[in-house]
Every structure is written in C-alpha cells, then in structure tokens.
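Data block below; observations after.
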Amino acid sequence: MGLDFQELSTLAQKYSQPEYRARQLFEAIYSQRLDSLDSISTLPKQFRAALKHEGVEIGLPRKEKSFQSSDGTIRYLFAMADGETVETVWMPEGDGGEAGDGSEAGDTDWKRATICVSSQVGCAVNCQFCLTALLGIKRNLSAGEIAGQAIAVLNDRGADLERQRINIVFMGMGEPFLNYAPFMKSARLLVEGVGFPESRMTVSTSGIIPRIRDFGDEPVRPKLAISLNAPNDEVRNRIMPINKKWNLELLMQAAREFPLRNRERITFEYVLLNGVNDQTGHAREVIELVRGVRCKVNLIALNPGPGIDFETPEESAVRTFQSLLVRAGVPAFIRRPRGRDIYAACGQGQRQRAGPGLSWHCRRVLWPWAVG
Ligand code: SAH
Ligand code: SF4
C-alpha cells in the first residue's frame, strides 16, 4: 500500500516477473481494494509466496476500534504497522441527511458520504481551539497510510464508488502541507488507483504558504480549503501561532494567486469562537479580506473539548455572521457538526480518547438549522 505503478513495476522486476504483473498488483491493491496477497488470484502462487517470504504484504491500516454516532457518523481508530494510531471519520449522508437529527443514520440508507482522513499522527501547528494540537506531533504518515485509511473505510462500509457519491477530505489529524509529498502521493493513488475524481477531494491547510504555491502547480490535485479562522492578524496570531510566520497578507495573496480550475472555488474555513472572532465587525473584516478571491466560506461553530479555552457561539451569532457574508455576496455555509457525541467532529481528532467521548454535549445541542 502506497507504492505507485512505477514502484510496483520495480518490485515485479526484482522478482523477474513480466511487466503486466505491476498492473495486476496496482489494480488489486487500489481498484479491487484486496486486503491480502492471498486474495490476488491473478498472481502465480510462487510469486505470492516469494513476496510473503520477504515480509511483503498489502499493508492496510488495521481497524483497532470504531465508534458510531447517533447521526450515523463512524469514527475509526486505525493502527499502523508500528502501533501508532490515527483517526478517520465516515460521514454518511442519506438523501434526507441535511436534517441534522440523525434521521440519515443506518447502514444501508445512504447514497453520499464523506471520508475524513488524517495526514499526521498529531500536529505541530498548535492552533488554540484544536484538540489534535494537544497531542503535539508524533510523526508523519506515509502515502500508503493516508490512502490506506480511505481504502480501509470503503471496505468496512462495503462502498461502491460507481454507484455512490463519496468524497474524501484531508481534514483529519495533522497538517497535510507539512507532510506534502506523502499527502500528494496518496491523493494521486486515490485518483489514479482507487478511482476518486479530483473534484470529490478537498485538502485543508492552516496556511503553509510555500506549499500552497506548489499545490497550485500540481497536474492532479484535490480542491483547496484554507483555515482562515480570524478577521485580522491580531486575532489570528492569538489563535493560530502559524500566523506569526505567514500572516494574513501573505495568506490572502497566495489565495488570490492560486490557479483555480473552471468553476472551482477556494473554501475558507472559519471556526467561530464566542466573542473572539464572531462579532459583526469581524464579519465585515472577513468580507474585505476575501474580496477578489473566487471562494466560499464554511462557518464552523467551535466543537468544544477538554483543554480548549473557548466557547461555542450562540446559534443567533452564527446565523448573523452567515447572513452578513451572504448579503455582501460571499457564499457562506454553516458546517453541521458530525459525530460530536463520539468526538469525531472537526478539531476533535485525539487518538487517546478511547471511549465514545462525552455524549452530553451532542444531546444538548442539536443543530437542525445548520446547512451547507
Ligand atoms: N490541519 C488542517 C486540516 C485539519 S483541521 C487545517 O487546520 O486546516 C480541519 C478543520 O477543522 C480546520 O479548518 C480547523 O480550523 C477546524 N477545527 C479545528 N479545531 C476545531 C474545533 N475545535 N471546532 C471546530 N473546528 C475546528
Ligand atoms: Fe493542526 Fe489543523 Fe488542528 Fe491547527 S487546526 S492544530 S493545523 S490539525
């Protein structure tokens, strides 16, 4: 898992196999999503035995635990070969899925879904509202470990990419642009091997400027989301220390210069923190900031957690913020929190949390008003 076609060709050559074995391996691993060499029946037994003898296996991440939310969201804990674990989230969205009341829950009643994958074990960026930040950074994930999460979830859910509309978001634990090459390789494997259209994949970055530029030059790439989260440098320095390295001026310049494809938009994520960045004046600053960028704004009311010293704003503040943006011509959506009761929602990736987490919060806050 994680080898591209070229690398599989080299592997086949090493075992004196004909060239077409590489294609068979590539298809078995990524397109058929087989989970062991034994199940690749197109390969000669001897070749399989020789590979296994040298300790070669397909190497999918192993599902260690999973938690199912009342809204149908499933949070997976995947173990890698060295025992490190990361979180991956499955968010089914049945046709009535926007209700936000869990009515879309259920194993068979879905046609669309989103898989949220992690790119690192922990994160070094240290945003003050994010639970993953509390872990610090343990290590990068390899391309195989990133793509493998998506493949393992597809298999666990028995998903069929031809009949179902499945999106991938690189928005789990970690900063993908601080693990750039493996992240990009995993994206290519998901496009070229597994069969996800580029247009159904989105990567989110906290704003690693040089990598935003590299990303724009990629021939095959997901869509871009940027975690804006603040209306000005003063607030952003406080809640996202990365802003001291690359400030808003640099960030917005990179966004304006980013080469968008036909009909593509940049998504700006904006986590609303009560009293900190959610006031009407802040909305006006955001409108000025994003002027000149073909974009939309995804508003996310803070998902709270232990050790996070911010509060979730009132529903009315979120709605007001949204309508100010919309009235100024900036498309703005409110991201409905998913799986809060199992700690699966944005910024809640924190692998030590073994149990289903605190369900009190989700019970108290139902968000039937959230759309987008
Ligand atoms: N590291 C990348 C991607 C992972 S975080 C990034 O920061 O963009 C994905 C999104 O979750 C980001 O937009 C981030 O701002 C948001 N987020 C983090 N903690 C959150 C929290 N406690 N509540 C709501 N959203 C949060
Ligand atoms: Fe890292 Fe993103 Fe969390 Fe910031 S919001 S600490 S960049 S995972």
Quiz item: So in the chain, what percent of DSSP beta bridges are antiparallel if you round to the nearest 5?
Solution: 45 percent
Quiz item: PRE reach from residue 50 (point 7 Å along Cα→Cβ): which of segment 1-36 fall under 14 Å by backbone N?
Solution: 9-22
Quiz item: Hey, what's the chain come to in accessible area per residue, 1.4 Å probe, Å²?
Solution: 43 Å²
Quiz item: Taking Rh as the Kirkwood radius computed over C-alpha pairs, what is the Stokes-Einstein D of segment 196-269 at 20 °C in a medium of viscosity 1.002 mPa s, expressed in µm² per second?
Solution: 168 µm²/s
Quiz item: Using the membrane-span-like helix rule (whole DSSP H runs, Cα extent along the own axis of at least 20 Å, mean Kyte-Doolittle hydropathy at least 0.0), which helices of the chain qualify?
Solution: 143-157
Self-check item: Above-threshold pairs, the threshold being 27 Å between Cα atoms, out of 52/223; 65/111; 138/244; 223/245; 223/244; 63/245
Solution: 52/223; 63/245
Quiz item: How many times 2.2 N^0.38 Å is the alpha carbon radius of gyration of segment 107-162?
Solution: 1.43
Quiz prompt | Karplus 3J(HN,Hα) series, Hz, for segment 129-141 with 6.51 cos²θ - 1.76 cosθ + 1.60 (x for Gly, Pro) | solution = 9, 10, 5, 4, 4, 5, 6, x, 9, 8, 6, 6, 9
Quiz item: Which percent of the Cα-Cα distances in the chain go past 40 Å?
Solution: 14 percent
Quiz prompt | Theoretical ellipticity at 222 nm over the chain - DSSP helices of four or more residues, -39500 (n - 2.57) apiece, nearest 500 | solution = -8000 deg cm²/dmol
Self-check item: segment 32-54-segment 1-25 distance, computed between alpha-carbon centres (Å)
Solution: 12 Å
Quiz item: What is the sum of charges around residue 313, taking Lys and Arg as +1, Asp and Glu as -1, for the other residues whose C-beta is under 12 Å from the C-beta of residue 313?
Solution: -3
Quiz item: Carbon and sulfur: what percent of the chain's accessible surface (1.4 Å probe)?
Solution: 48 percent
Exercise. Could you order 41, 186 by accessible surface area, starting with the largest, using a probe radius of 1.4 Å?
Key: 41, 186
Exercise. Order the peptides 56-62, 213-219, 25-31 from the highest to the lowest mean number of other Cβ atoms within 10 Å of their residues.
Key: 25-31, 56-62, 213-219
Quiz item: So for the pair residue 315, residue 327, with labels modelled 7 Å out along Cα→Cβ, what separation do we get in nm?
Solution: 2.1 nm
Practice problem: Hey, could you grab the Kirkwood Rh for segment 252-346? Inverse mean 1/r over distinct alpha carbon pairs, Å, one decimal. | Solution: 14.3 Å
Exercise. At 25 °C and 0.890 mPa s, grab the translational diffusion coefficient of segment 102-260 from Stokes-Einstein with a Kirkwood Rh over Cα pairs, rounded to a whole number in µm² per second.
Key: 148 µm²/s
Quiz item: When the chain is modelled as a GNM with alpha-carbon springs shorter than 10 Å, which of 45, 63, 296 fluctuates the most?
Solution: 45
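The values are calculated or read from the model by the stated rules, or taken from the named source; none is laboratory data. The shown structure was predicted, so the numbers you read here are calculated from the model rather than taken from an experiment. No Cβ is skipped: glycine too gets one built from the backbone with ideal geometry, and neighbour counts run over all protein chains shown. Accessible surface is based on the protein model in full, side chains and every heavy atom, while ligands, DNA and RNA are left aside. Shrake-Rupley method; radii C 1.70, N 1.55, O 1.52, S 1.80 Å.
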